[in-house]
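These notes are about the structure you will find just below.
The values are calculated or read from the model by the stated rules, or taken from the named source; none is laboratory data. The structure presented is a predicted model; accordingly, all values stated were derived computationally and were not measured. Note that each Cβ is placed from the backbone with ideal geometry, even for glycine, and that neighbours are counted across all protein chains shown.
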Amino acid sequence: MLVLTFDPEKFNFVAAGDDSYFLLRFPDGSRVMFQDRCAHRGSPLHLGCWNAGENALVCSSHQTKYPERVLRRQGVPLIYRAGRVTVLLDVASHAEARLARKNILAQPDNSPTDTSGAQGTAGA
Amino acid sequence: MREFLHMPNTAESHSTAGGVAAINAPSTPTAVTGIAPEEIKRYMQLYAANPLFGYHDKWIISDNPYRRPIDQQAVTRHDFSRPLKREEAFGSSALAAQRMLFNVYETDFVFLPEKDFAAKRADFESFYSNENKLLGELIRPTLETHLFGFLEEEIDISGKWSAAAVESYLRHLIENHERSEIDILSAVLSSLDPEKAALTLLIQVAGDFLTESSSSARNLLGKFGLVQSELFKIAIDDYGYGVHKAKHSTLFESTLETCGLATEAHAYWHFYLTGSLALNNYYHYVCRDHSKFFRAIGAIAVGESLFAHTCRKFSEMLRAVFGNRVDTYYFDEHYHIDAHHGRMATENVVAPAIAKYGDSVIPEIVRGMEELQSITSLADDDFMAQLIWADDLEGQRTAASRIHQSGLSQDAESRITTAVLRKGDPISTRACDADSLWLVESGTLELVAGHDRSIQIEAGEGIVVLRGRLHGASSVSPECLYHVYELKD
């Protein structure tokens with residue numbers, strides 16, 4: 001497994017191996033990282049939207065829903081401590097990882113997250 | 001009127017050291033104990049008023065493990081009903097609460113003096129009395145939330161964890177740790193006075209090492225199968241298989257002796273930093289409450305796994321500072337055995353626990369790993385800040401002079417206190433919530449920043465005591481009059 005630690009204020013997107021992952025921040029300050037691929041047809045989930053009424057992420061392609069409890073339970077193993085996020089990605093521990101900041105349309109509080117276009121590369 | 005009052009070291013009346021009979025019925029219940037916060041506060045004041053926890057007459061408390069001063073005035077003035085923030089972790093409230101909580105926890109263990117038990121029998125009986133233990137138990141949940149509540153906010157665990165992920169994460173932590181310098185050891189070596197800095201560090205760890213593994217031994221009894229037996233193996237090693245000379249705390253006593261330090265439990269109570277107390281208390285916090293069992297084994301797995309490398313570097317540091325006269329066997333033994341203990345805690349405790357009790361226990365295990373790192377980092381920060389301040393007492397005297405000469409009104413917000421100390425007055429150490437300026441009007445004041453670390457301030461001179469720094473004062477002259485001002489940021 002690849003262990004990555006980063007500042008979630010700077011980065012919210014990781015590409016490692018053949019997969020990519022996006023970070024969601026909930027209004028209570030907790031965070032989950034989820035694979036950026038819908039289980040239905042593989043669409044990028046970070047381009048979905050948040051349905052506040054159903055408390056679920058909705059895929060933009062075919063409206064597949066991911067309730068918050070599913071995101072929390074099925075997300076990438078994640079630790080948030082003292083302003084830093086550590087995630088364990090199921091790729092080789094020596095794999096190269098690229099960190100970026102993207103506009104996560106599925107963000108629960110709908111706050112704009114894009115903008116800086118920050119990018120970085122991280123190893124284990 | 002500021003709530004903060006920096007009081008002089010004067011003897012307190014302990015006539016209120018009361019029994020449980022004095023406690024009234026609760027009014028507005030709290031969630032944990034069902035007792036109103038104001039009642040809990042009153043119990044704290046009763047607890048702290050026990051003469052055992054009152055001021056002492058010497059900086060080193062010789063061979064009386066029951067005498068453990070708490071800053072009674074801080075207990076009276078602070079609100080313990082809310083969780084502290086991380087940035088408040090070294091303040092006056094935190095120090096008083098950590099001291100109380102440490103005393104509460106340690107009444108579960110047997111402490112006996114080395115000599116003259118008869119003369120200390122009354123203290124022994126008071127320390128283990130039902131009154132002291134029951135009051136302690138009543139205030140414990142509030143103190144725990146006050147001191148460790150911030151961890152709930154600071155740490156969040158999510159996602160689909162597996163035993164393999166835990167193992168990968170732990171291995172990652174160990175590899176990172178073994179590649180890194182140990183900041184507290186580097187700080188000792190770069191101190192202006194490495195010998196005194198090393199003694200300060202030994203004193204900080206003595207509170208734990210002299211009672212080796214007592215906190216984690218809380219999780220040995222009961223009935224929980226294989227994991228129980230594996231935890232027992234670690235404890236057996238720590239206790240030297242019942243051979244006193246091989247017991248780890250005995251080995252540590254030899255380290256202390258060869259460095260010229262006392263070996264009695266809590267002889268240096270006055271000089272335990274808030275962060276060091278926090279680290280000790282954290283282990284008790286998760287090991288005493290068995291609903292936190294999985295958190296505890298996570299913390300122990302990280303602690304045991306990282307301690308091996310720390311011990312190797314600790315041993316190197318001691319030899320660099322003290323040369324051949326120091327006995328480093330305690331650390332050399334841990335370098336060897338904790339490599340095994342780390343593996344044992346991971347492979348034989350954490351992994352079997354996950355296999356048997358399911359993945360749902362993993363977030364608690366990982367939380368324990370993170371909480372321990374968070375508290376360790378606090379303790380390290382506290383130690384290094386104290387070292388820098390204690391190294392710079394002359395500089396702080398110069399700073400005081402500069403502030404005084406530039407006009408006090410511009411820098412000082414308010415006078416906190418004016419006090420008269422007499423030679424031989426009872427002493428204590430405390431920490432302040434803001435930087436303060438001490439000005440001596442007459443006599444000579446000794447400002448103490450740790451064991452064998454002090455500076456004398458003459459009439460007309462002053463010193464700056466930084467926020468959160470542990471300090472005490474005594475009068476070198478028959479009498480000393482001084483003023484304390486709180487400084488603006």
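Annotations
Quick grid of which residues meet (1) at pLDDT below 95; (2) among the hydrophobic types (A, V, I, L, M, F, W, C):
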{"position": "B:ARG42", "(1), (2)": "no, no"}
{"position": "B:LEU46", "(1), (2)": "no, yes"}
{"position": "B:SER62", "(1), (2)": "yes, no"}
{"position": "B:PHE90", "(1), (2)": "no, yes"}
{"position": "B:ALA96", "(1), (2)": "no, yes"}
{"position": "B:PRO113", "(1), (2)": "no, no"}
{"position": "B:ASN132", "(1), (2)": "no, no"}
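- Scanning the stretch A:7-40 for residues that are within 14 Å of chain B (Cβ to nearest Cβ), surrounded by fewer than 20 Cβ atoms within 10 Å (Cβ to Cβ) and in contact with a Ser or Thr (Cβ under 8 Å, 6 or more places away or on another chain) yields A:SER30, A:GLN35, A:ALA39.
- Tally, over the stretch B:158-184, of residues that are more than 27 Å from the chain's Cα centre (by Cα) and either under 29 Å from B:PRO83 (Cβ atoms) or of a type in the set (D, E, K, R) (or both): 10
- Residue satisfying condition, being at pLDDT below 95, in contact with a Phe, Trp or Tyr (Cβ under 6 Å, 6 or more places away or on another chain) and not acidic (Asp, Glu), within set A:ALA92, A:ALA106, A:ALA124, A:ALA82: A:ALA106
- Elements of type helices (runs of 4 or more DSSP H) in the stretch B:240-353, at least 3 residues being small (Gly, Ala, Ser): B:274-288, B:293-322
- Scanning the stretch B:389-400 for residues that are in contact (Cβ under 8 Å) with a residue 40 or more places away in the chain and surrounded by fewer than 16 Cβ atoms within 10 Å (Cβ to Cβ) yields one hit, B:GLU394.
- Test: residue in the stretch B:210-220 that is touching a Cys at 6+ places or on another chain (Cβ under 9 Å) and of a type in the set (Lys, Arg): yes
So that you can scan it fast, the table gives a plain yes or no per residue for (1) within 17 Å of B:PHE293 (Cβ to Cβ); (2) touching a residue at least 60 places away in the same chain (Cβ under 8 Å):
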{"residue": "B:HIS341", "(1), (2)": "no, yes"}
{"residue": "B:VAL349", "(1), (2)": "yes, yes"}
{"residue": "B:TYR357", "(1), (2)": "yes, yes"}
{"residue": "B:SER360", "(1), (2)": "yes, no"}
{"residue": "B:ILE365", "(1), (2)": "yes, yes"}
{"residue": "B:GLU371", "(1), (2)": "yes, yes"}
{"residue": "B:LEU378", "(1), (2)": "no, yes"}
{"residue": "B:ARG422", "(1), (2)": "no, no"}
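Quick grid of which residues meet (1) touching a Ser or Thr at 6+ places or on another chain (Cβ under 7 Å); (2) of a type in the set (Val, Ile, Thr); (3) surrounded by 22 or more Cβ atoms within 10 Å (Cβ to Cβ); (4) not assigned by TED's automatic domain parsing to the domain that holds B:GLY303:
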residue	(1), (2), (3), (4)
B:ALA353	no, no, yes, no
B:GLY358	no, no, no, no
B:VAL361	no, yes, no, no
B:ILE365	no, yes, yes, no
B:GLU371	no, no, yes, no
B:ALA379	yes, no, yes, no
B:MET384	no, no, no, no
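- Residue within the stretch B:152-160 that is under 14 Å from A:MET1 (Cβ atoms), more than 8 Å from every other protein chain (Cβ to nearest Cβ) and part of a helix (DSSP H, G or I) present: no
- Residue count for the stretch A:41-56 satisfying the condition of being touching a Leu at 6+ places or on another chain (Cβ under 8 Å) and either within 14 Å of chain B (Cβ to nearest Cβ) or polar (S, T, N, Q) (or both): 1.
- Test result for B:ASP79, in contact (Cβ under 8 Å) with a residue 12 or more places away in the chain and part of a loop (DSSP other than H, G, I, E, B): yes
- Each residue in the stretch A:57-69 was checked for being surrounded by fewer than 16 Cβ atoms within 10 Å (Cβ to Cβ) and either within 14 Å of chain B (Cβ to nearest Cβ) or within 29 Å of A:ARG84 (Cβ to Cβ) (or both), and 2 of them qualify.
Matching residues to (1) buried (at least 21 other Cβ atoms within 10 Å of the Cβ); (2) at pLDDT 95 or above; (3) among the hydrophobic types (A, V, I, L, M, F, W, C):
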site: B:SER216; (1), (2), (3): yes, no, no
site: B:PHE232; (1), (2), (3): no, no, yes
site: B:TYR241; (1), (2), (3): no, no, no
site: B:HIS244; (1), (2), (3): no, no, no
site: B:HIS270; (1), (2), (3): yes, yes, no
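- Of all residues in the stretch B:221-245, those satisfying the criterion of being of a type outside the set (Phe, Trp, Tyr) and in contact (Cβ under 8 Å) with a residue 12 or more places away in the chain are B:GLY222, B:GLY225, B:LEU226, B:VAL227, B:GLU230, B:LEU231, B:LYS233, B:ILE234, B:ALA235, B:ASP237, B:ASP238.
- Selection status of B:ILE403, more than 30 Å from B:ALA301 (Cβ to Cβ), surrounded by fewer than 21 Cβ atoms within 10 Å (Cβ to Cβ), modelled with pLDDT of 95 or more and of a type in the set (A, V, I, L, M): no
- Single condition B:LEU210 does not satisfy, out of (1) at pLDDT below 95; (2) of a type outside the set (Lys, Arg); (3) surrounded by fewer than 22 Cβ atoms within 10 Å (Cβ to Cβ): (1)
- Residue check for B:VAL75: within 14 Å of chain A (Cβ to nearest Cβ) and either crowded, with 22+ Cβ neighbours inside 10 Å or at positive phi (or both): no
- For the stretch A:58-79, residues that are farther than 15 Å from A:GLN107 by Cα, small (Gly, Ala, Ser) and touching a helix residue (DSSP H, G or I) at 6+ places or on another chain (Cβ under 7 Å) total 0.
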